[in-house]
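The values are calculated or read from the model by the stated rules, or taken from the named source; none is laboratory data. The model shown is predicted, which means the values in this text are computed figures rather than measured ones. Cβ sites come from the backbone with ideal geometry, for glycine too, and all protein chains shown count toward neighbours. Heads up: the accessible areas ignore ligands, DNA and RNA and are worked out on the full protein's heavy atoms, side chains in. Shrake-Rupley method; radii C 1.70, N 1.55, O 1.52, S 1.80 Å.
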Amino acid sequence: MIRLKPPQWKAFSSDSRFRILVAGRRFGKTYLAMVELCRSAWGRDKLAWYVAPSYKQAKRIVWKPLKQMTRPYWASKPNESDLRIELVTGGAICLRGADNYDSLRGDGLDFVILDEYASIAQEAWTEVLRPALADKQGRALFIGTPRGYNHFYDLYQAVQGQPHWSTFQFTTEEGGNVPKAELESATHELDERTYRQEFQASFENLTSGIVYYAFDRAGNIGPVQYDRRLPLFWSLDFNINPMCSVIGQRDGEWVHVLDEIALPDSNTLAACKEFLERSKGWIASSQLPIRLDVYGDATGDARRSSASRTDWQLVREFVSRYRDRYQTHFQVGSSNPPVRDRLNCMNARLRNQAGFRRLLIDPRCKELIQDLERVHWKTDASGNALNDVDKSDPARTHASDALGYMIARAFPLQADIGYRAERLF
């Protein structure tokens, strides 16, 4: 039996030809999409498409549950290569990807769903899918979570009050699939803007102005003392000029940055020697060996700083010579997290949605502090924000990148918060 919750039903029951549903994560958008597809394909020669940002996403997200939902009504076994289901009524449902949208030309459609439209090229709709609806007077449903002020936002705003269009906006909580305890947990994992975007379906400008917008001198800067009860961490960015790394300690959910190393026109060996010098005082006050967690840029295993050794090989050789001082654990993944995830993790430590700051930086870390205050998003010639960090100043981003590698590794984003709470059937 198919059951829709009240917010889903509100969007489903609208008779507008074109509908836009903006909703938070785990709202139940995928389930609603499958119900919409079944309704629209239920008739002779009816053709309904589900279009995701990529073919792989369409198959991963919808194909298996859609087959389960439609199994009693198959006219024949689904076409696994074409992701096509023929129904006993004579209609068909197809899954498609918008990553090569020119390949979608040709078919006349009765209905199309554009899922996560914020991640689909605008031209996929205007040049291909909208014309495909013309001869059959087909209908469309745009669904997704906001992704800043891009074409999804523009469309949502442009159609307000327009005939044949309806818009709907619901939070994750209104969807009823995620327990409040999970949402409360998310407020501690995510910074304010990211939480509002992902769970409150709010259009947020995450790529405009300052990158580390959650940073505040009064709340994030203060004297930091070494605590011999806690492990030490060292996190490296392998830029050459300057060569930057940060030293600190993790105390539960807190990160305390004790010091930074910023060496102009330098190399990994010099950074290792400087770390040895900076840590002498802490070593002298501790019971040896002290635990040392090493973080940093995962691409250091591909970049050679000497004739035969990579950056990480040089660091490993360095700490191996001082086993009497450091009990070293390397906390470096096989690849770096996406830049946006790393920046979101940083902002969440600086100040999360719940209002807590869990990153304290000693005033001596001048390069790091300047990064947090001055690193901006890149803009085009017209001043429009782009989805890249501005690296035009060679002195900037390296100290904050070094800290970001540590924080993203130690406190990764909980991307699937609420996933297990949602039941499709």
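For region 359-393, which positions are under 17 Å from ASP297 (Cβ atoms) and either among the basic types (Lys, Arg) or loosely packed, with under 12 Cβ neighbours inside 10 Å (or both)?
In the first step, residues of region 359-393 are kept if they are under 17 Å from ASP297 (Cβ atoms); the result is 367-368, 371, 375, 389, 391.
Once the filter is applied, which keeps residues that are under 17 Å from ASP297 (Cβ atoms) and either among the basic types (Lys, Arg) or loosely packed, with under 12 Cβ neighbours inside 10 Å (or both), region 359-393 yields only LYS391.
Consider VAL257 against the criteria (1) open to solvent by 10 Å² or more (accessible area, probe 1.4 Å); (2) closer than 19 Å to TYR226 by Cβ; (3) in contact with a Cys (Cβ under 7 Å, 6 or more places away or on another chain): it satisfies all of them except one. Which criterion is unmet?
All conditions are met except number (1).
Among the numbered criteria (1) crowded, with 18+ Cβ neighbours inside 10 Å; (2) within 30 Å of GLU274 (Cα to Cα); (3) of a type in the set (A, V, I, L, M), which single criterion is violated by LEU230?
With (1) crowded, with 18+ Cβ neighbours inside 10 Å; (2) within 30 Å of GLU274 (Cα to Cα); (3) of a type in the set (A, V, I, L, M) applied to LEU230, the lone miss is (1).
If you take just the helices (runs of 4 or more DSSP H) that sit entirely in region 1-71, which of them hold at least 1 residues that are open to solvent by less than 10 Å² (accessible area, probe 1.4 Å), over 25 Å from PRO179 (Cβ atoms) and in contact with a strand residue (DSSP E or B) (Cβ under 6 Å, 6 or more places away or on another chain)?
Values: elements: 6-12, 29-40, 55-58, 64-70.
Hits in region 1-71: 29-40, 55-58, 64-70.
How many of the residues making up region 132-184 are open to solvent by 60 Å² or more (accessible area, probe 1.4 Å), in a strand (DSSP E or B) and hydroxyl-bearing (Ser, Thr, Tyr)?
Number satisfying all stated conditions: 0.
May I ask you to list the residues in region 298-345 that are among the small types (Gly, Ala, Ser) and surrounded by fewer than 14 Cβ atoms within 10 Å (Cβ to Cβ)? If you could, list the steps in order and put the result at the bottom.
At the first step, the residues of region 298-345 found to be among the small types (Gly, Ala, Ser) are 298, 300, 302, 305-308, 320, 333-335.
Passing the criteria: ALA302, SER306, ALA307, SER308, SER320, GLY333, SER334, SER335.
When VAL246 is evaluated against the numbered criteria (1) crowded, with 17+ Cβ neighbours inside 10 Å; (2) in contact with a Phe, Trp or Tyr (Cβ under 9 Å, 6 or more places away or on another chain); (3) in a loop (DSSP other than H, G, I, E, B), which criterion, by number, is the only one it fails?
Tallying (1) crowded, with 17+ Cβ neighbours inside 10 Å; (2) in contact with a Phe, Trp or Tyr (Cβ under 9 Å, 6 or more places away or on another chain); (3) in a loop (DSSP other than H, G, I, E, B), VAL246 fails exactly one: (3).
For residues that are of a type in the set (Asp, Glu) and loosely packed, with under 14 Cβ neighbours inside 10 Å, tally how many sit in region 112-131.
Within region 112-131, the subset of a type in the set (Asp, Glu) is 115-116, 123, 127.
Within this subset, residues satisfying the condition of being loosely packed, with under 14 Cβ neighbours inside 10 Å are 123.
So the answer is 1.
Please state which of the following conditions TYR405 fails to meet, knowing it meets all the rest: (1) in contact with a Pro (Cβ under 9 Å, 6 or more places away or on another chain); (2) modelled with pLDDT of 85 or more; (3) not in a helix (DSSP H, G or I).
It fails just one condition, (3).
ILE85 is checked against (1) part of a loop (DSSP other than H, G, I, E, B); (2) touching a Pro at 6+ places or on another chain (Cβ under 6 Å); (3) not aromatic (Phe, Trp, Tyr) and fails just one. What number does that condition carry?
Among (1) part of a loop (DSSP other than H, G, I, E, B); (2) touching a Pro at 6+ places or on another chain (Cβ under 6 Å); (3) not aromatic (Phe, Trp, Tyr), ILE85 violates only (1).
Given PHE233, PHE215, PHE170, PHE203, which one is under 26 Å from ALA395 (Cα atoms), in contact (Cβ under 8 Å) with a residue 40 or more places away in the chain and within 22 Å of the chain's Cα centre (by Cα)? Please lay out each step first, then the result.
Details: PHE233 fails: within 22 Å of the chain's Cα centre (by Cα); PHE170 fails: under 26 Å from ALA395 (Cα atoms); PHE203 fails: under 26 Å from ALA395 (Cα atoms).
Result: PHE215 is the single residue among PHE233, PHE215, PHE170, PHE203 that is under 26 Å from ALA395 (Cα atoms), in contact (Cβ under 8 Å) with a residue 40 or more places away in the chain and within 22 Å of the chain's Cα centre (by Cα).
Here is a yes/no grid of residues against (1) open to solvent by less than 20 Å² (accessible area, probe 1.4 Å); (2) over 24 Å from LYS366 (Cα atoms):
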{"residue": "ASP265", "(1), (2)": "no, no"}
{"residue": "ALA271", "(1), (2)": "yes, no"}
{"residue": "GLN287", "(1), (2)": "no, yes"}
{"residue": "GLY296", "(1), (2)": "yes, no"}
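Can you tell me how many residues within region 107-132 are of a type in the set (Asp, Glu) and over 20 Å from THR30 (Cβ atoms)?
Step one: filter region 107-132 for residues of a type in the set (Asp, Glu), giving 107, 110, 115-116, 123, 127.
Right, trim to over 20 Å from THR30 (Cβ atoms) and you get 107, 110, 123, 127.
Of the residues in region 107-132, 4 are of a type in the set (Asp, Glu) and over 20 Å from THR30 (Cβ atoms).
Based on this model, can you work out whether SER103 counts as in a helix (DSSP H, G or I), modelled with pLDDT under 95 and either in contact with a Ser or Thr (Cβ under 6 Å, 6 or more places away or on another chain) or farther than 28 Å from ASP15 by Cβ (or both)?
Details: in a helix (DSSP H, G or I): yes; modelled with pLDDT under 95: yes; either in contact with a Ser or Thr (Cβ under 6 Å, 6 or more places away or on another chain) or farther than 28 Å from ASP15 by Cβ (or both): yes.
Yes.
Do the conditions hold for LEU95, that is, is it assigned to a loop (DSSP other than H, G, I, E, B), among the hydrophobic types (A, V, I, L, M, F, W, C) and open to solvent by less than 80 Å² (accessible area, probe 1.4 Å)?
In short, no.
So which helices (runs of 4 or more DSSP H) stay within region 266-377 end to end and still have 2 or more residues that are of a type in the set (Lys, Arg)?
Numbers: elements: 268-278, 280-284, 311-320, 339-350, 366-374.
Passing ranges, in order: 268-278, 339-350, 366-374.
Do we have LEU109 as open to solvent by less than 50 Å² (accessible area, probe 1.4 Å), over 30 Å from GLY355 (Cβ atoms), assigned to a loop (DSSP other than H, G, I, E, B) and touching a residue at least 24 places away in the same chain (Cβ under 8 Å) here?
Yes; evaluated as a whole, the condition is true for this residue.
Which of (1) within 25 Å of TRP234 (Cβ to Cβ); (2) out of contact with any Leu (no Cβ under 8 Å at 6 or more places or on another chain) does VAL319 not meet, given it meets every other one?
(2)
Could you list, in sequence order, the residues of region 185-206 that are outside any helix (DSSP H, G or I) and among the polar types (S, T, N, Q)?
Within region 185-206, SER202, ASN205 qualify.
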